[in-house]
Amino acid sequence: MYEACAASFPDADITVMAAAVADYTPASVADEKIKKKDEDWSLRFSKTKDILKSLGEQKKNGQVLVGFALETTNEKSNAQDKLAAKNADIIVLNSLQDEGAGFGVDTNKVSLFDKKGGEINFEVKSKNEVAKDIVDAIIRYNHHG
């Protein structure tokens, strides 16, 4: 995923990082079944490359970079921290605390934060409508750049 994003990013005007990769990956992969022998067993994980942060470091004037934040606590401050830390232009916050939002439902409720200090809070609506709201917000942000 990182290689594909890094290859496409330089020519992109707007990049929306909607598909998150895992934060951690197994440090080693067994080539055969791991036989049961000990009472306890553990897996060691390594941190994966932060694609959003990497693209934020390469971002040029005129490019718009949009990321997502899935939060369960301190939602607003964590989303704003991510906006700054990743050098993104917009962060779309998904809170798992909101009724009708998140996974396993056909609706969502998001908030958008931009690096100019803007904040938009949407009500619960269909995921199709949420997607249109996000695209509209990106267009407005880019147009008023």
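The values are calculated or read from the model by the stated rules, or taken from the named source; none is laboratory data. Quick caveat, the model's predicted, so the values are computed rather than measured. Cβ: placed from backbone, ideal geometry, glycine included. Neighbour counts: every protein chain shown.
Between A30, A19, the distinction of being under 30 Å from A85 (Cα atoms), free of Cβ contacts under 8 Å to residues at least 60 places away in the same chain and exposed (fewer than 10 other Cβ atoms within 10 Å of the Cβ) belongs to A19 only. When G67, G104, G62 are checked against the criterion of being outside any helix (DSSP H, G or I) and touching a Leu at 6+ places or on another chain (Cβ under 7 Å), G67 stands alone in meeting it.
Which residue is nearest to the chain's Cα centre (by Cα), if the candidates are limited to the range 53-78 and must be modelled with pLDDT of 95 or more and aliphatic (A, V, I, L, M)? Here the residue is V66. Among the residues of the range 120-130, the one identified as without any contact (Cβ under 8 Å) to a residue 12 or more places away in the chain and either in contact with a helix residue (DSSP H, G or I) (Cβ under 8 Å, 6 or more places away or on another chain) or under 21 Å from V64 (Cα atoms) (or both) is N121.
Scanning the range 107-128 for residues that are within 19 Å of L52 (Cα to Cα) and assigned to a loop (DSSP other than H, G, I, E, B), which turns out nearest to the chain's Cα centre (by Cα)? Within the range 107-128, the match that is nearest to the chain's Cα centre (by Cα) is K115.
Here V92 meets the list (1) crowded, with 18+ Cβ neighbours inside 10 Å; (2) out of contact with any Gly (no Cβ under 9 Å at 6 or more places or on another chain); (3) hydrophobic (A, V, I, L, M, F, W, C) almost entirely, failing just condition (2).
Only residues that are at pLDDT 90 or above, in contact with a Phe, Trp or Tyr (Cβ under 8 Å, 6 or more places away or on another chain) and not basic (K, R) were counted in the range 28-47, giving 2.
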